[in-house]
Amino acid sequence: MSRHDFSAIFELYPMLIEQMLATFTSHDFILSLARQYQMLYVEALYTYRNVPTRQNPAPFQIVHGILAKHLNAHSSLVEYAGQTPSKDIFGEANMCALWRKI
């Protein structure tokens, strides 16, 4: 069970997906969401501020994982296209999901 009610954010997915390029990464999607809906994004991060992970509390890692995974719920709008190198919100290079609009 999630600690945070993401329903207000999840309702925005169709509109946000529509704004994305034909192919986009989870990182691109999350950055777009964070820019346009800062309050909702910050509220989700705040909920996970003290949740321990393998290291120190990592609210960005937890929330971004939840947001990225929820793209799967929109299979009529996007399809998973594999992994691709990408820079995260902190500018660190790593692998992330690539999505293709349908």
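All of the numbers you see were taken from the coordinates with simple rules; none came from a lab. Just so it is clear, the model here is predicted, and its values are computed rather than measured. Cβ: placed from backbone, ideal geometry, glycine included. Neighbour counts: every protein chain shown.
Okay, here's what the table says:
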read-out	value
Boolean, His70 is within 21 Å of Cys96 (Cα to Cα), of a type outside the set (Phe, Trp, Tyr) and crowded, with 17+ Cβ neighbours inside 10 Å	no
Of all residues making up region 80-97, the number that are surrounded by fewer than 14 Cβ atoms within 10 Å (Cβ to Cβ), of a type outside the set (Gly, Ala, Ser) and assigned to a strand (DSSP E or B)	6
Per-region count, region 5-18, residues within 22 Å of Ala44 (Cα to Cα) and assigned to a helix (DSSP H, G or I)	9
Residue match in region 92-101 (condition: within 15 Å of the chain's Cα centre (by Cα) and either under 22 Å from His4 (Cα atoms) or of a type in the set (Ser, Thr, Tyr) (or both))	no
Leading residue by the ranking (surrounded by the most Cβ atoms within 10 Å (Cβ to Cβ)) among those in region 20-62 that are over 14 Å from Asp88 (Cβ atoms) and among the charged types (D, E, K, R)	Glu43
Residue match in region 4-18 (condition: touching a strand residue (DSSP E or B) at 6+ places or on another chain (Cβ under 8 Å), surrounded by 13 or more Cβ atoms within 10 Å (Cβ to Cβ) and β-branched (Val, Ile, Thr))	yes
